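K.L.:
Questions regarding the structure given below will be posed in turn.
The values are calculated or read from the model by the stated rules, or taken from the named source; none is laboratory data. These numbers were taken from a predicted model, which means no experiment stands behind them. Note: ideal-geometry Cβ built from the backbone for every residue, glycine included; neighbour counts use all protein chains shown. Each accessible area value is taken on the protein alone, full model and side chains, heavy atoms only, with ligands, DNA and RNA left out. Shrake-Rupley method; radii C 1.70, N 1.55, O 1.52, S 1.80 Å.
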Amino acid sequence: MVTPHGHENIGQVEKREEMAGRLMVALDYPDVAQAKCLIGKLEGIPCYMKVGMQLFYAAGPDFIRELKAHGYSVFLDVKMHDIPNTVRGGAESLTMLGVDMFNVHAAGGTAMMAAALEGAAKAASLHPSLRIPLIIAVTQLTSTSQEIMNTEIGIAGAVTDTVVRYAKLAAEAGLHGVVASPQEAAVISAACGPEFRTVTPGIRPAGSSMDDQSRVMTPGQAILQGSHFLVVGRPITASADPRQAALNIIEEMSQA
Ligand code: C5P
């Protein structure tokens, strides 16, 4: 667990535990060995583990089962986008794996998003030990600029308007939240309600490298904007001391 500091009261310790559960560490690695090396360094910190396409396509479902057996909450970030029937089946399989969260593209439309929920509900109803994971819609990728959205993808207007429109569709379809920039968290909460989760990548502690992210916020700012979950990759994985980097982020989240 996250170790108590000197004269802390129970409230401060609990706050840090809660914040650790809202930190999602992106295991962006090509193989299990490298992922396990990082996980070992984070031992005892009750954070979420986010497994994306690179690791899932290489390591497969067994690695997810292993993470679950070790008690981790798992966000499987595979961004499904297909016809409703296929997504329904995919969601059923992911729910059977016991993941706590997975995602689909909002651009697949409400029928596709609703099908994801149906697939998850079916798996959960067949297996009483399983519950329906949080199903999150990807709005606009944070790598998509206004210009790309307007000229290549063919959606007119401002990125924020599209993000909010997609968030409303996701809520209508019964999904539990969206992936978005922390800069959009407040406007999404205003449009879809405070219970509708915002999962926000693009987190950079003050003074750290931006890498390829452009619309970034610090962990503290993201919490103040109302982000429910903070996705953090390189500020932890590329740090010389990943454990300390994660603890510093949790501390900043707790202080916000
Ligand atoms: O290293 P960094 O903190 O930039 O990693 C961010 C993580 O969040 C990566 O795993 C990336 O795939 C994911 N992500 C993102 N932007 C999105 C959706 C997911 O950066 N819109």
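K.L.:
Projected onto the charge dipole of the chain (+1 at Lys/Arg Cβ, -1 at Asp/Glu Cβ, origin at the Cα centre), which of ALA222, GLY40, GLN255 gives the Cα projection farthest towards the positive end?
P.N.:
So the residue furthest toward the plus end is GLY40.
K.L.:
Okay, moving on. Can you give the convex hull volume per residue for the Cα atoms of the chain, as a whole number of Å³?
P.N.:
So the per-residue Cα hull volume is 132 Å³.
K.L.:
On to the next question. Given an 8 Å cut-off on Cα distances and at least 6 residues of separation, report the relative contact order of the chain as a percent.
P.N.:
After rounding, I find 17 percent.
K.L.:
May I ask you to derive the relative contact order of the range 82-210, considering only C-alpha pairs under 8 Å and at least 6 residues apart, and to give it as an integer percent?
P.N.:
Once normalised by length, the contact order is 23 percent.
K.L.:
Please state the charge dipole magnitude for the range 176-256, taken about the Cα centre, from unit charges on C-beta atoms (+1 on K and R, -1 on D and E), reported in debye and rounded to the nearest 20.
P.N.:
60 debye
K.L.:
Taking the Cα centre of the chain as the origin and placing charges on Cβ (Lys, Arg +1; Asp, Glu -1), which of ALA123, VAL99, LEU169 is farthest toward the positive end of the dipole?
P.N.:
Among ALA123, VAL99, LEU169, the one farthest towards the positive end of the dipole of the chain is ALA123.
K.L.:
Rounded to the nearest 10 Å², what accessible area does GLU14 have for a 1.4 Å probe in the complete protein model?
P.N.:
Counting only protein heavy atoms, GLU14 exposes about 110 Å² to solvent.
K.L.:
Given Cβ point charges of +1 (Lys, Arg) and -1 (Asp, Glu) and nothing else, what value in debye, to the nearest 20, does the dipole of the chain about its Cα centre take?
P.N.:
The dipole magnitude comes to about 240 debye.
K.L.:
Mean separation of Cα pairs under 8 Å and 6+ residues apart, divided by the residue count of the range 46-105: what relative contact order is that in percent?
P.N.:
For the range 46-105, the relative contact order is 39 percent.
K.L.:
Now for a separate question. What accessible area per residue comes out for the chain, rounded to a whole number of Å², with a 1.4 Å probe?
P.N.:
The answer is 45 Å² per residue.
K.L.:
Could you give the radius of gyration (one decimal) and Dmax (whole number) of the Cα atoms in the range 63-201, in Å?
P.N.:
Over the range 63-201's Cα set, Rg and Dmax evaluate to 15.2, 47 Å.
K.L.:
With the radius of gyration and the Kirkwood radius both derived from the Cα set of the range 149-191, what is their ratio Rg to Rh?
P.N.:
Value, to two decimals: 0.99.
K.L.:
Among all the aspartates and glutamates, which ones have a C-alpha under 18 Å from LYS122's C-alpha, if same-chain residues fewer than 8 places away are not counted?
P.N.:
Within the straight-line limit of under 18 Å, LYS122 reaches these aspartates and glutamates: GLU92, ASP100.
K.L.:
If the elastic network links every pair of Cα atoms under 10 Å, which of ILE45, ILE203, ILE148 fluctuates the most in the Gaussian network model of the chain?
P.N.:
It is ILE148.
K.L.:
From zero outward in steps of 10 Å, how is the percent of C-alpha pairs of the range 182-250 spread across the bins?
P.N.:
22, 50, 23, 5, 0
K.L.:
Tell me the mean residue ellipticity at 222 nm calculated for the chain from its helices only (DSSP H runs of n ≥ 4, each -39500 (n - 2.57), averaged over every residue, nearest 500).
P.N.:
Helices in the chain give a 222 nm mean residue ellipticity of -13000 deg cm²/dmol.
K.L.:
Using the crude model of +1 on Lys and Arg Cβ and -1 on Asp and Glu Cβ, and no other charge, please compute the dipole size for the range 1-122 relative to its Cα centre, in debye to 20.
P.N.:
Here the range 1-122 has a charge dipole of around 60 debye.
K.L.:
Let me ask you something else. Quick one: ranking VAL87, VAL179 by accessible area, 1.4 Å probe, largest first, what do you get?
P.N.:
VAL179, VAL87
K.L.:
So which lysines can LYS50 reach, going by Cα to Cα under 22 Å and dropping same-chain residues fewer than 8 places off?
P.N.:
LYS15, LYS36, LYS41, LYS68, LYS79
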